[in-house]
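Take a look at the structure set out below.
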Amino acid sequence: DIREVYQPGSVLDFPRRPPWSYEMSKEQLMSQEERSFQEYLGKIHGAYTSEKLSYFEHNLETWRQLWRVLEMSDIVLLITDIRHPVVNFPPALYEYVTGELGLALVLVLNKVDLAPPALVVAWKHYFHQCYPQLHIVLFTSFPRDTRTPQEPGGVLKKNRRRGKGWTRALGPEQLLRACEAITVGKVDLSSWREKIARDVAGASWGNVSGEEEEEEDGPAVLVEQLTDSAMEPTGPSRERYKDGVVTIGCIGFPNVGKSSLINGLVGRKVVSVSRTPGHTRYFQTYFLTPSVKLCDCPGLIFPSLLPRQLQVLAGIYPIAQIQEPYTSVGYLASRIPVQALLHLRHPEAEDPSAEHPWCAWDICEAWAEKRGYKTAKAARNDVYRAANSLLRLAVDGRLSLCFYPPGYSEQRGTWESHPETAELVLSQGRVGPAGDEEEEEEEELSSSCEEEGEEDRDADEEGEGDEDTPTSDPGSCLTARNPYALLGEDEC
């Protein structure tokens with residue numbers, strides 16, 4: 001329940017920019033903002049203990065990025081992860097944007113390919129009921145065909161995305177319709193609709209000839225880097241849709257897919273993406289068309305009462321900074337059958353068919369044994385590295401932990417037979433895997449050399465690589481047993 005996470009009406013707010021005027025000097029403005037921010041932090045830490053309070057952003061400069069984006073934007077996109085959207089939806093921001101600023105707020109339920117369609121529709125209606133001023137859009141940058149049943153053992157299958165995979169994003173058409181309903185003809189969005197039509201036509205014909213053509217094809221996207229003029233105060237009441245251009249600000253928590261959403265709207269990669277929270281440090285603007293400008297804001301963590309384990313699994317808390325990851329693994333394993341999905345054998349079991357009680361340490365030790373994670377000196381199972389590996393699988397969606405809205409269990413049949421559920425299945429099927437654009441390969445949890453040449457990362461390293469970067473080509477089998485080729489990707 002979102003009321004348990006954020007407690008609307010309490011001090012769990014977000015820092016607002018204090019009142020200012022053009023007569024103030026830069027030093028006076030900066031000092032006033034810092035003083036207001038310290039008072040904001042003092043109220044929160046005075047009301048809640050550090051054990052109960054969640055990890056949130058304490059850097060004023062990052063909040064200043066949010067203030068600039070809100071001042072620049074005509075429409076605000078609040079991007080959430082469909083697996084846990086209430087975690088990424090601060091009610092205080094909703095009240096501020098729709099109330100004080102008077103802007104339209106579009107809620108983007110991103111990564112809908114990682115959740116059952118019935119659950120996606122249930123979350124959509126939940127937010128419609130609780131926050132009626134929202135415009136809700138379903139989005140995913142990498143849709144898959146949901147008509148193909150997902151086997152429990154195929155949890156570690158991955159898709160290699162090549163060519164123009166970004167052009168098959170699900171949701172740009174919905175976002176365009178939402179923006180047309182908001183602008184009501186004040187901005188000419190016909191160029192945006194024409195761009196979507198070109199992207200769909202190009203993807204349907206499958207004219208893929210590699211990454212080089214992808215980079216050269218189509219007009220270049222104008223990117224405005226952060227400049228001093230962009231950081232100047234713009235005033236509380238500026239002109240909307242200035243010069244016939246609508247500015248769309250993208251706001252959200254880390255790891256919800258803001259950069260991937262922009263790549264999906266553009267139709268090709270223009271923003272680097274990473275699993276590391278805080279990868280986008282400063283906002284940048286991108287002209288999607290001459291009349292549509294996108295503004296990418298750094299990921300911001302709002303204060304809440306969210307359990308630390310769920311923050312880790314949601315990708316909000318950096319996994320490399322966790323000193324004790326086992327409670328998070330236990331949180332995950334108590335909600336999805338990790339040991340069954342990964343085909344783990346209990347470390348103390350002499351008979352594999354016998355039932356044994358599992359704990360978080362047993363799961364990590366069994367995963368370390370299966371992956372071949374060993375300590376350097378004593379060659380014992382590296383349980384810490386295995387725990388970090390499991391957490392990264394959860395953040396990446398390979399082990400998918402989805403939460404339900406309140407009352408979902410009682411109405412499960414209603415949502416599964418809902419017309420919008422069938423429509424979502426059909427829409428994902430229309431943009432499913434086609435031709436050479438996406439190759440799905442099955443990665444069995446064995447010790448064979450079927451996926452040779454794949455490099456594995458240490459558990460304390462963050463995945464700095466781009467999500468859409470294909471893995472290296474298989475090489476020669478160096479040994480008869482390759483414990484580092486079990487997943488076939490350097491994610492762990």
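How about the range 259-280: which of its residues are modelled with pLDDT of 65 or more and open to solvent by 20 Å² or more (accessible area, probe 1.4 Å)?
Filtering the range 259-280 down to residues modelled with pLDDT of 65 or more leaves 259-271.
Hits for the range 259-280 are R268, K269, V270.
Considering each of T285, T327 in turn, give the residue that is at pLDDT below 90 and of a type in the set (V, I, T).
Unique residue meeting the criteria: T285.
Give Y331, Y408 a once-over and let me know the one that is open to solvent by less than 60 Å² (accessible area, probe 1.4 Å) and either in a loop (DSSP other than H, G, I, E, B) or assigned by the TED database to the domain that holds N88 (or both). Talk me through it step by step, then tell me what you get.
Working: Y331 fails: either in a loop (DSSP other than H, G, I, E, B) or assigned by the TED database to the domain that holds N88 (or both).
Just one listed residue meets the conditions, Y408.
Among all residue pairs at least 6 apart or on different chains, which show Cβ distances below 7 Å where the first residue, located in the range 170-183, is under 17 Å from Y241 (Cβ atoms) and the second is hydrophobic (A, V, I, L, M, F, W, C) and in a helix (DSSP H, G or I)?
Cβ pairs passing all conditions: L176/W192; L176/I196.
Could you list, in sequence order, the residues of the range 30-86 that are farther than 26 Å from D1 by Cβ, open to solvent by 10 Å² or more (accessible area, probe 1.4 Å) and of a type in the set (S, T, Y)?
Of everything in the range 30-86, those that are farther than 26 Å from D1 by Cβ, open to solvent by 10 Å² or more (accessible area, probe 1.4 Å) and of a type in the set (S, T, Y) turn out to be S31, S36, T62.
Can you pull out every residue in the range 72-120 that is part of a loop (DSSP other than H, G, I, E, B) and without any contact (Cβ under 8 Å) to a residue 60 or more places away in the chain?
Passing the criteria: L101, G102, L103.
The values are calculated or read from the model by the stated rules, or taken from the named source; none is laboratory data. Just so it is clear, the model here is predicted, and its values are computed rather than measured. Positions of Cβ are backbone-derived with ideal geometry, glycine not excepted, and every protein chain shown enters the neighbour counts. These accessible areas exclude ligands, DNA and RNA; they are computed on the full protein's heavy atoms, side chains included. Shrake-Rupley method; radii C 1.70, N 1.55, O 1.52, S 1.80 Å.
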